[in-house]
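S.K.: Below are the structure tokens for one structure; questions will follow.
The values are calculated or read from the model by the stated rules, or taken from the named source; none is laboratory data. Every value quoted in this text rests on a predicted model; they were computed, and no experiment measured them. Don't worry about glycine lacking a Cβ; one is built from the backbone with ideal geometry, like all the others, and counts go over all protein chains shown.
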Amino acid sequence: NRRVILKRYVTGCPTEEDMEVVVGTLRLVVLPGSAAIVVKNLYLSCDPYMRTRMSRHDQPSFVPDFVPGEVLDNWAVSKVMVSGHPDFKPGDLLCLLTGWEEYSLITNPKVYHKINHPEFPLSYYTGVLGVPGITAHAGLFEVAKAKKGEYVFVSAASGAVGQIVGQLAKVAGCYVVGSAGSDHKVNLLMTKFGFDDAFNYKKELDLDAALKRCFPEGIDVYFENVGGAMLEAVLRNMRPYGRIAVCGQVSQYNLQRPDGAPDLFQLVGKRLRMEGFLVGDYGGEYRQRFEEKMAGYLKEGKVVSVEDIAEGIEAAPAALVGLFSGRNIGKQVVAVARE
Ligand code: NDP
């Protein structure tokens, strides 16, 4: 059973050498009545927040730190192989929290979703039909309360969350602009995802000027994925009563200290609302309603998904590290097995 362990706590940018693929053993049996299941992990989700778990924290975070020598874990699509649990049978497909390994023993599965639409690629449950999709929907509509006709800006726009934010905002009748880190990604935003405008933030000498060019009347809703200099420039370009949904700040995850406090006084004069949120608060019925709505959009072609699939568990460390140089084009997934 090959598995990816954290070799050492990480400071700065993570490298492949911070992780190691090792071979362990796992007995594919569960005791009757034990409620345990053994799953075969098919698609692992690579998410930037995993980096925040690779450092040791003095203060407790919203998720536990990884421990050197132990297997990484995250959301995945997995198939039940053996079950002692009354709710599962062999062959069931689940989206659940599991180890970065070929097979996992889960002693008491609590956090999982059944896969209701196996007609789509199963990997979609790590992206458009999974956590990134729900994150995009909840952040855009519940937190930022985006409405028809509003000016919406999203950073890291071609990524797992960003591409869905942009497309959902278009379906809702907003004007949508995205930023991304390469010309290829910018082209994708315009041609594949239907953004109204887009720019390569790495080529812009002045982010403030780029935003003024794209939003001469200012921004109503900012879906914040990156933090740092982009957030500062956005604050200067927000319209009165604008809303900022703080989803993540990927530019900050490798820093020992956040790089500079943005000009929060902008919040006062413009009466802005800035609110962080966690996708974990949008489970249960919200997740189910979202899944049906998104499945409908996918069938109608209103939303499309672009994925970057790395093959095999050995490719997992590089895939995770690649999120921090923007190597991924779309949702980064690791295909450990196809079925
Ligand atoms: P992505 O698929 O967007 O991958 C990360 C991307 O971030 C990279 O491809 C890169 O794109 C960009 N990036 C990396 N480093 C930097 C940097 N220093 N400055 C600017 N951009 C950078 O990831 P996700 O869509 O999965 O995640 C997007 C955000 O959403 C993250 O901040 C993540 O933590 C957050 N998140 C929050 C959740 C919540 O519950 N609040 C749930 C899920 C995700 P590029 O080439 O364009 O630079």
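S.K.: When you check residue 230 against the structure, is it under 27 Å from residue 327 (Cβ atoms) and either surrounded by fewer than 24 Cβ atoms within 10 Å (Cβ to Cβ) or touching a residue at least 24 places away in the same chain (Cβ under 8 Å) (or both), yes or no?
M.R.: For residue 230, the condition - under 27 Å from residue 327 (Cβ atoms) and either surrounded by fewer than 24 Cβ atoms within 10 Å (Cβ to Cβ) or touching a residue at least 24 places away in the same chain (Cβ under 8 Å) (or both) - is met.
S.K.: Next question. Restricting to the stretch 326-339, and then to whatever is in a loop (DSSP other than H, G, I, E, B) and in contact (Cβ under 8 Å) with a residue 40 or more places away in the chain, can you tell me which residue is farthest from residue 250 (Cα to Cα)?
M.R.: Among those residues, the one meeting the criterion is 339.
S.K.: A follow-up question, please. So if I check each of 206, 183, which one is modelled with pLDDT of 95 or more, of a type in the set (D, E, K, R) and more than 14 Å from the ligand (Cβ to nearest atom)? Steps first, please.
M.R.: Values: 183 fails: more than 14 Å from the ligand (Cβ to nearest atom).
Testing whether each residue is modelled with pLDDT of 95 or more, of a type in the set (D, E, K, R) and more than 14 Å from the ligand (Cβ to nearest atom) leaves just 206.
S.K.: Within the stretch 301-339, how many residues turn out to be in contact with a helix residue (DSSP H, G or I) (Cβ under 9 Å, 6 or more places away or on another chain), within 10 Å of the ligand (Cβ to nearest atom) and of a type in the set (Ser, Thr, Tyr)?
M.R.: Counting residues in the stretch 301-339 that are in contact with a helix residue (DSSP H, G or I) (Cβ under 9 Å, 6 or more places away or on another chain), within 10 Å of the ligand (Cβ to nearest atom) and of a type in the set (Ser, Thr, Tyr) gives 0.
S.K.: Can I ask one more? With the structure loaded, tell me whether residue 298 is within 16 Å of the ligand (Cβ to nearest atom) and out of contact with any helix residue (DSSP H, G or I) (no Cβ under 7 Å at 6 or more places or on another chain) or whether it fails that test.
M.R.: Spelling it out, it is not the case that residue 298 is within 16 Å of the ligand (Cβ to nearest atom) and out of contact with any helix residue (DSSP H, G or I) (no Cβ under 7 Å at 6 or more places or on another chain).
S.K.: Does residue 270 qualify as being touching a helix residue (DSSP H, G or I) at 6+ places or on another chain (Cβ under 6 Å), more than 16 Å from the ligand (Cβ to nearest atom) and farther than 23 Å from residue 5 by Cβ?
M.R.: No: the conditions fail for residue 270.
S.K.: If residue 302 passes every condition in (1) under 21 Å from residue 141 (Cα atoms); (2) outside any loop (DSSP other than H, G, I, E, B) but one, which one does it miss?
M.R.: Here residue 302 clears every test but (2).
S.K.: Just one of the numbered conditions (1) farther than 20 Å from residue 73 by Cα; (2) modelled with pLDDT of 95 or more; (3) within 14 Å of the ligand (Cβ to nearest atom) is not true of residue 259; which one?
M.R.: With respect to (1) farther than 20 Å from residue 73 by Cα; (2) modelled with pLDDT of 95 or more; (3) within 14 Å of the ligand (Cβ to nearest atom), residue 259 is out only on (2).
S.K.: Return the pair list, or none, for Cβ contacts closer than 8 Å from residues in the stretch 243-262 that are more than 28 Å from residue 146 (Cα to Cα) to residues that are within 9 Å of the ligand (Cβ to nearest atom) and charged (D, E, K, R), at least 6 apart or on different chains.
M.R.: Listed by first residue and then by second, the contacts come to 254/51.
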